[in-house]
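S.K.: This is the structure, below, for whatever I ask next.
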Amino acid sequence: MEQHWKSAKGLFGAVLGPPLFWLVLFFMIPMGIVWLYSFGENRGLTDIALTGTFSNYLRALDPLYLKIFVKSVGIAGLTTLICLVIGFPVALAITFAPPKAKTWLLLAVMLPFWTNLLIRTYALIAVLRTEGYVNQSLEWLWNGFGAVVGVLGLGALGPFQPLELLHNNFAVVLGLVYVHLPFMVLPLYSALDRLDTSLIEASLDLGAGHLRTLLTIVAPLALPGIASGVVITFIPALGSYLTPDLLGGPDSQMIANIIERQFKRANDWPFGAALSFLLMYMTFIAIALQAMLSRRRREPA
Amino acid sequence: MAKRPAPGPLEYLRRWPLQLWLAGVGIFLYAPLIALMVFSFNDSRRNIVWQGFTLKYYEKALNNASLIEAFVNSLTIAAVSTFLSLILGALAALALWRFRFPGKAGFDGALALPIVAPEICLGVAMLVFFAKVLPWPQGLPWPFNLGAIIIAHVSFSFPFVAVVVRARMASFNRELEEAARDLGASEWRTLKDVILPHMAPSLVAGGFLAFTLSLDDFVITFFTSGPDTVTFPVKVYSMVRFSVTPEVNAASTILIVLTVVLTAIALKVQGDPASTAGGHAALDRPKDRP
């Protein structure tokens, strides 16, 4: 039974005090200041007057910024969808693997997740850039093919045109999928692992194919897990800074890049603060939607 | 068994379409990293075509004073922030596990905020905080100049530790604590000899998590670091912005190997029944007796 705090005041204070102090001073207060700044105006270079204005939020509705918000949600949504499509069969295979293989597969999924994000992004740059491994391999194939064509006397193929794989939206989505795939596979796995396998076996025994069983039995039962996987992937993808910054082009900026610019280069902290809190609210909405979905599913049962 | 029987209905791992899918995902996840590691040994500045084996880029990376400094900074920050996060996280978990108090749900919710808040939001909050409220003095001797980054790292790491420790404490048999108290152990003694041994595996897991989170962090550090407090990810970021060089490959390979070794150690410590069960298996056992 939990103890009432008054029965051991000294111990309670010693246990709760330090983390509460840290959380308030080094998290709540910094966040609170940013929140206050979002209602402020720039006065001079470093002074910010808290005037209670909503103009920073209204400025975020400017088509220029609205477009970036819509684009960020689109990129994060596409990333989540691709992760779901790629990750679901992986989670399924891990769930029904023998115990030993299961451990190794889970480890294989998690190891890149523990590897430094910057290193993984850098590895992708090396693969995708104009002189990268993909273009090198394609050029080699192209030249080989060209030699064959030349020997057959069908005319020259012309020089190899490298594919533009880096610094565009494609690279950003690829990078985000690369980074966030483990976020999707792990919650899916833990949801599928709890499924009653006899339901799947019954469906297969009664003549439904694997695909039909997946769509009509497994997917609905695993819906809470799918929802949490979607949210866990969507939230960091929506707020990602590094991937669009390093892999994206001039038109693939996401919300986080705009926020960074307000704080570091444009020096418009109130507007940056407003954008930052809009991103926070979007995050909370995503979490609330997922909580509502999982609650609605639990009630009828 | 000369010939294996046909795969059972649920043995998805033994069906070729899924095997093919898994292989594809494996290549997708690992090929870039493996290519990065292999080409760190390549004797060519342009870093594309294989020219022969060399260790000269490792030599270069290890002789690059600013890279080494950034690496040492990162490890120091990770070690200190892990230590602080373990203490704060364990205390927060104990408070939530042990006590009923007004505002408990609020504290619980607030503790989850640093976990769900987008990194960029926390980053700018730290930038504003250290610019306006608590300006961290410039030019402090190492390691005190890293203080601001360490504070920022603890703020987003310790709630993770709290979650891991709390999950572990849910399986604790509270009667054990009462028994210890009945037998005359003090509050402190009970904590040290009964609760802490049960908590130990989660402290290992939480510590590993906090260490990796700190070592991995770029965005929040980017907003809190100054010109003389560069961490490894921030250094690599500035190098990558300029060009792709084998030196970065070599430095990255060292960090990847370090990550793999740390992971292996963490798994060994947690997976080894002797170390986790030894302490508390004896304590758990009385439950089974009638």
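S.K.: Testing A:F160 on (1) within 30 Å of A:M254 (Cα to Cα); (2) in contact with an Asp or Glu (Cβ under 8 Å, 6 or more places away or on another chain), one condition comes back false. Which one is that?
M.R.: All conditions pass for A:F160, except number (1).
S.K.: Could you check, for the range B:259-277, whether at least one of its residues is modelled with pLDDT of 85 or more, over 22 Å from B:A79 (Cα atoms) and assigned to a helix (DSSP H, G or I)?
M.R.: no
Yes/no per residue for (1) surrounded by fewer than 15 Cβ atoms within 10 Å (Cβ to Cβ); (2) in contact with a Pro (Cβ under 8 Å, 6 or more places away or on another chain); (3) within 11 Å of chain B (Cβ to nearest Cβ); (4) within 30 Å of A:R43 (Cα to Cα):
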| residue | (1), (2), (3), (4) |
| --- | --- |
| A:V185 | no, no, yes, no |
| A:A191 | no, yes, no, no |
| A:A202 | yes, no, yes, no |
| A:W269 | no, no, yes, yes |
| A:F277 | no, no, yes, yes |
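S.K.: If B:F99 passes every condition in (1) within 7 Å of chain A (Cβ to nearest Cβ); (2) under 23 Å from A:M31 (Cβ atoms); (3) free of Cβ contacts under 8 Å to residues at least 12 places away in the same chain but one, which one does it miss?
M.R.: Result: B:F99 passes all but (2).
S.K.: Same structure again: Residues of the range B:90-110 being among the acidic types (D, E) and crowded, with 17+ Cβ neighbours inside 10 Å, which ones?
M.R.: none
S.K.: Of the residues B:I120, B:I115, only one is more than 7 Å from every other protein chain (Cβ to nearest Cβ) and of a type in the set (V, I, T); which?
M.R.: Among B:I120, B:I115, only B:I115 is more than 7 Å from every other protein chain (Cβ to nearest Cβ) and of a type in the set (V, I, T).
S.K.: One residue is enough: does the range A:145-154 have a residue meeting the conditions under 26 Å from A:Y241 (Cβ atoms) and among the small types (G, A, S)?
M.R.: No - not one qualifying residue is present in the range A:145-154.
S.K.: If the Cβ limit is 6 Å and pairs must be 6+ apart or interchain, which residue in the range A:207-233 that is over 22 Å from A:L78 (Cβ atoms) pairs with which residue that is among the polar types (S, T, N, Q)?
M.R.: Listed pairs, sorted by first residue: A:T213/A:S203; A:I217/A:S203; A:P224/A:S294.
S.K.: On to the next question. Out of the residues in the range B:72-85 meeting the condition of being buried (at least 21 other Cβ atoms within 10 Å of the Cβ) and more than 11 Å from chain A (Cβ to nearest Cβ), tell me which one is farthest from A:V24 (Cα to Cα).
M.R.: Looking at the filtered set, the residue picked out is B:N73.
S.K.: Another one. Could you list all residues from the range B:41-71 that are farther than 30 Å from A:F26 by Cβ, assigned to a helix (DSSP H, G or I) and out of contact with any Phe, Trp or Tyr (no Cβ under 6 Å at 6 or more places or on another chain)?
M.R.: Those that are farther than 30 Å from A:F26 by Cβ, assigned to a helix (DSSP H, G or I) and out of contact with any Phe, Trp or Tyr (no Cβ under 6 Å at 6 or more places or on another chain): B:K56, B:Y57, B:Y58, B:E59, B:K60, B:A61, B:L62, B:N63, B:A65.
Yes/no per residue for (1) among the charged types (D, E, K, R); (2) assigned to a loop (DSSP other than H, G, I, E, B):
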position: A:Q161; (1), (2): no, yes
position: A:E164; (1), (2): yes, yes
position: A:V185; (1), (2): no, no
position: A:I232; (1), (2): no, no
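S.K.: Something else now. Of (1) buried (at least 16 other Cβ atoms within 10 Å of the Cβ); (2) more than 9 Å from chain A (Cβ to nearest Cβ); (3) at pLDDT below 85, B:G184 satisfies all except one. Which?
M.R.: (1)
S.K.: Taking the range B:247-268, which residues are within 22 Å of B:E59 (Cα to Cα) and either facing chain A (nearest Cβ under 8 Å) or of a type in the set (G, A, S) (or both)?
M.R.: Selection gives B:V248, B:N249, B:A250, B:A251, B:S252, B:L255, B:I256, B:T259, B:V260.
S.K.: Right, here's the next one. Kindly indicate which of A:P159, A:P182 is of a type outside the set (D, E, K, R) and at pLDDT below 80.
M.R.: After applying the criteria, what remains is A:P159.
S.K.: Among the residues of the range A:88-131, which ones are among the small types (G, A, S) and more than 8 Å from chain B (Cβ to nearest Cβ)?
M.R.: Correct list: A:A91 only.
S.K.: Give just the number: which of (1) at pLDDT below 90; (2) within 11 Å of another protein chain (Cβ to nearest Cβ) does A:V85 not satisfy?
M.R.: (1)
S.K.: Considering each residue of the range A:234-254, count those that are within 12 Å of chain B (Cβ to nearest Cβ), touching a residue at least 24 places away in the same chain (Cβ under 8 Å) and not in a helix (DSSP H, G or I), and give that number.
M.R.: Adding up the residues that qualify gives 3.
S.K.: Check off (1) touching a Leu at 6+ places or on another chain (Cβ under 7 Å); (2) over 26 Å from B:L213 (Cβ atoms) for B:P114 and give me the number that stays unchecked.
M.R.: Going through the list (1) touching a Leu at 6+ places or on another chain (Cβ under 7 Å); (2) over 26 Å from B:L213 (Cβ atoms), B:P114 breaks only (2).
S.K.: Confirm whether B:K60 is within 19 Å of B:A251 (Cα to Cα) and surrounded by fewer than 17 Cβ atoms within 10 Å (Cβ to Cβ).
M.R.: Yes: the conditions hold for B:K60.
The values are calculated or read from the model by the stated rules, or taken from the named source; none is laboratory data. Predicted model, so just to flag it, every value in this text is computed and none were measured. Ideal geometry is used to build each Cβ from the backbone, glycine not excepted, and the neighbour counts take in all protein chains shown.
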